[in-house]
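The values are calculated or read from the model by the stated rules, or taken from the named source; none is laboratory data. Being a predicted model, the structure only gives us computed values, none of them experimental. All Cβ positions, even for glycine, are placed from backbone atoms using ideal geometry, and neighbour counts span all protein chains on display. Side chains included, ligands, DNA and RNA excluded: accessible areas come from the protein's heavy atoms. Shrake-Rupley method; radii C 1.70, N 1.55, O 1.52, S 1.80 Å.
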Amino acid sequence: MRQYACPSCGAPIYFRSVQSVFATCGYCRSTVVRRDVDIEAIGKVAQLTEDMSPLQVGTVGQIDGCGFTVCGRARMAWDDGTWNEWYLLFDDGNDGWLAEAQGFYAVNVATDLASQSLVSQKSGRSKLDLSPGQSISVANRWLTVVDIKRAVCVGTEGELPRVTQSNSSFTSADLMGKDGGYACIELHNSQAYAFIGRYVEWDEIKAANYRQFEGWS
C-alpha cells in the first residue's frame, strides 16, 4: 500500500493496488492521477448519494477461495437506472471487478479482445460492431450479446485502475453464455475493454465489513 497527501487538502490518499492510477479523495472529493512517485489533482467529483448496496470501500471477502478487498467504485447510469462497478484487489496481487445491479452480482476480470475487430468508425464516431443476439468468442468462450446501452459515469470513490471522469459517457455491451458465463465489453472514446467472468450469489463471496440494513439477519 502506498500513501500520498491529497494535493488539494493534504488528507491521506491510499493506493493498495499497483495497477491503480486514479483515486478520489474521501475528504475534499478531489480526483487525482498517480504519476510515478507523485500524484496530480485533475478535478473534483460530487459526493455519491447512498444507495441500498451492502458493499463499500473496505469490504473484504473471497471468490473461488481467493480473498479480495474492495478498493474503489464507479457508479454508472443509463436510461433505465444505475449500477455499481466495484474495483477488487485480490490477495494474490491480481485485480478485477464486481458488477452490482438490482441485487445481482457478477465478478469479472480484464481480458484481451485478441484479433477481433469490434470497433468501427461511423460518421466520425467510434461504435461497437455488436448487436443483440450476436454470438462472439471472448477469452475462448462463446457468448451471446444480450444488451447494448449508452451509459455515463456519475461518480467515483476510492482507487481505480484507469482515469474515470464524472459525466464521461461510454457504450456497454453485456454478454452471457449457456454455462452461466458473463462478459462485458465497453467502448470509451475509441478504446475497447473486455471483461470475462460469471454471476455470483451474495453468500458466495463471503463478505465482511459490509453495510448492514435494518431487517438483515
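Restricting the search to the stretch 36-61, which residues are exposed (fewer than 15 other Cβ atoms within 10 Å of the Cβ), among the small types (Gly, Ala, Ser) and part of a strand (DSSP E or B)? Matches in the stretch 36-61: Gly43 only. Residues that are of a type in the set (Gly, Ala, Ser), part of a loop (DSSP other than H, G, I, E, B), surrounded by 15 or more Cβ atoms within 10 Å (Cβ to Cβ) and in contact (Cβ under 8 Å) with a residue 40 or more places away in the chain within the stretch 173-216 comprise just one, Ala207. Do the conditions hold for Val70, that is, is it open to solvent by 30 Å² or more (accessible area, probe 1.4 Å) and touching a residue at least 12 places away in the same chain (Cβ under 8 Å)? Spelling it out, it is not the case that Val70 is open to solvent by 30 Å² or more (accessible area, probe 1.4 Å) and touching a residue at least 12 places away in the same chain (Cβ under 8 Å).
Just one of (1) under 15 Å from the mean Cα position of the chain (by Cα); (2) open to solvent by less than 10 Å² (accessible area, probe 1.4 Å) trips up Glu85, so point out which. Result: Glu85 fails condition (2) only. Contact map, the stretch 31-47: first residue under 15 Å from Ala5 (Cβ atoms) and at pLDDT 85 or above, second residue small (Gly, Ala, Ser) and not in a strand (DSSP E or B), Cβ cut-off under 6 Å, separation 6 or more or different chains; pairs are Ala41/Ser8.
Any residue at all in the stretch 133-141 that is in a loop (DSSP other than H, G, I, E, B), on the phi > 0 side of the Ramachandran plot, free of Cβ contacts under 8 Å to residues at least 24 places away in the same chain and surrounded by fewer than 18 Cβ atoms within 10 Å (Cβ to Cβ)?
Narrowing the stretch 133-141 to residues in a loop (DSSP other than H, G, I, E, B): 133-134, 139-140.
Then drop every residue that is not on the phi > 0 side of the Ramachandran plot, which leaves 133, 139-140.
In the following step, the residues that additionally are free of Cβ contacts under 8 Å to residues at least 24 places away in the same chain were identified as 133, 140.
Next cut, surrounded by fewer than 18 Cβ atoms within 10 Å (Cβ to Cβ) only: 133, 140.
Checked against the condition, which is being in a loop (DSSP other than H, G, I, E, B), on the phi > 0 side of the Ramachandran plot, free of Cβ contacts under 8 Å to residues at least 24 places away in the same chain and surrounded by fewer than 18 Cβ atoms within 10 Å (Cβ to Cβ), the stretch 133-141 yields at least one hit.
Among the residues of the stretch 133-157, which ones are among the charged types (D, E, K, R) and modelled with pLDDT under 90? Walk me through it before giving the result.
Of all residues in the stretch 133-157, those among the charged types (D, E, K, R) come to 141, 147, 149-150, 157.
Matches in the stretch 133-157: Arg141 only.
The criterion of being out of contact with any helix residue (DSSP H, G or I) (no Cβ under 8 Å at 6 or more places or on another chain), of a type outside the set (Phe, Trp, Tyr) and at pLDDT 95 or above holds for Thr69.
Can you tell me which residues in the stretch 118-132 are at pLDDT 65 or above and either at positive phi or among the hydroxyl-bearing types (Ser, Thr, Tyr) (or both)?
Applying the first criterion (at pLDDT 65 or above) to the stretch 118-132 yields 118-122, 125-132.
Selection gives Ser120, Ser126, Ser131.
Scanning the stretch 88-117 for residues that are in a loop (DSSP other than H, G, I, E, B) and at pLDDT 90 or above, we see that the one that is surrounded by the most Cβ atoms within 10 Å (Cβ to Cβ) is Asn94.
Among the residues of the stretch 11-35, count how many are under 23 Å from Asp92 (Cα atoms) and part of a loop (DSSP other than H, G, I, E, B). The total comes to 6. Mind checking which residues of the stretch 145-157 are free of Cβ contacts under 8 Å to residues at least 60 places away in the same chain and open to solvent by 50 Å² or more (accessible area, probe 1.4 Å)? Result: Val146, Ile148.
If you check Leu160 against the conditions, is it in contact with a Ser or Thr (Cβ under 7 Å, 6 or more places away or on another chain), open to solvent by less than 30 Å² (accessible area, probe 1.4 Å) and modelled with pLDDT of 80 or more?
In short, yes.
Inside the stretch 163-217, residues that are within 24 Å of Gly67 (Cα to Cα), modelled with pLDDT of 85 or more and touching a strand residue (DSSP E or B) at 6+ places or on another chain (Cβ under 6 Å) make up a count of 16.
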